[in-house]
Amino acid sequence: MKLEARNKRLVLERVKTEQTESESAFVLPSNLKKARPDNEVFRVLDRSDDCTISIHAGSLVLVEGNMIEESHVGDKTFLTCKENFVIGLLREV
């Protein structure tokens, strides 16, 4: 199943980044949800035709982490965001 973006939205895939987890001095409940990072890196899977920013499928973008929307359809999870939450396009130099 594929989600086609509409209404100035991007369909995204989270890019795994290397992060080291530090040990906590406190014992935390096992069901505690971790806070999302301020900004995250994503790969663009699709963009709506009415997007005004120059991004194409496959681009790596930096997005405000708390603006990602998760939609669940059956056993599939789709990540989307509005184009105005894209901070920037990542490129190799």
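The values are calculated or read from the model by the stated rules, or taken from the named source; none is laboratory data. Just so it is clear, the structure is predicted and the values come from calculations on it, not from any experiment. With ideal geometry, Cβ positions are generated from the backbone for all residues, glycine too; neighbour counts draw on all protein chains shown. What goes into the accessible areas is simple: the full protein's heavy atoms, side chains included, and nothing from ligands, DNA or RNA. Shrake-Rupley method; radii C 1.70, N 1.55, O 1.52, S 1.80 Å.
Descriptive notes on the structure:
- Selection status of residue 6, touching a Ser or Thr at 6+ places or on another chain (Cβ under 8 Å), among the basic types (Lys, Arg), modelled with pLDDT of 90 or more and not in a loop (DSSP other than H, G, I, E, B): no
- Residues in the range 68-81 that are touching a strand residue (DSSP E or B) at 6+ places or on another chain (Cβ under 9 Å) and surrounded by fewer than 16 Cβ atoms within 10 Å (Cβ to Cβ): 69, 70, 71, 72, 77.
- Count of residues meeting criterion [closer than 15 Å to residue 2 by Cβ and among the hydrophobic types (A, V, I, L, M, F, W, C)] in the range 35-75: 4
- Matching residues in the range 60-87 - criterion: being at pLDDT 95 or above and among the small types (Gly, Ala, Ser): 71
- Pairs where the first residue, in the range 61-77, is without any contact (Cβ under 8 Å) to a residue 40 or more places away in the chain and the second is of a type in the set (S, T, N, Q) and open to solvent by less than 60 Å² (accessible area, probe 1.4 Å), C-beta under 6 Å, 6+ apart: 69/80
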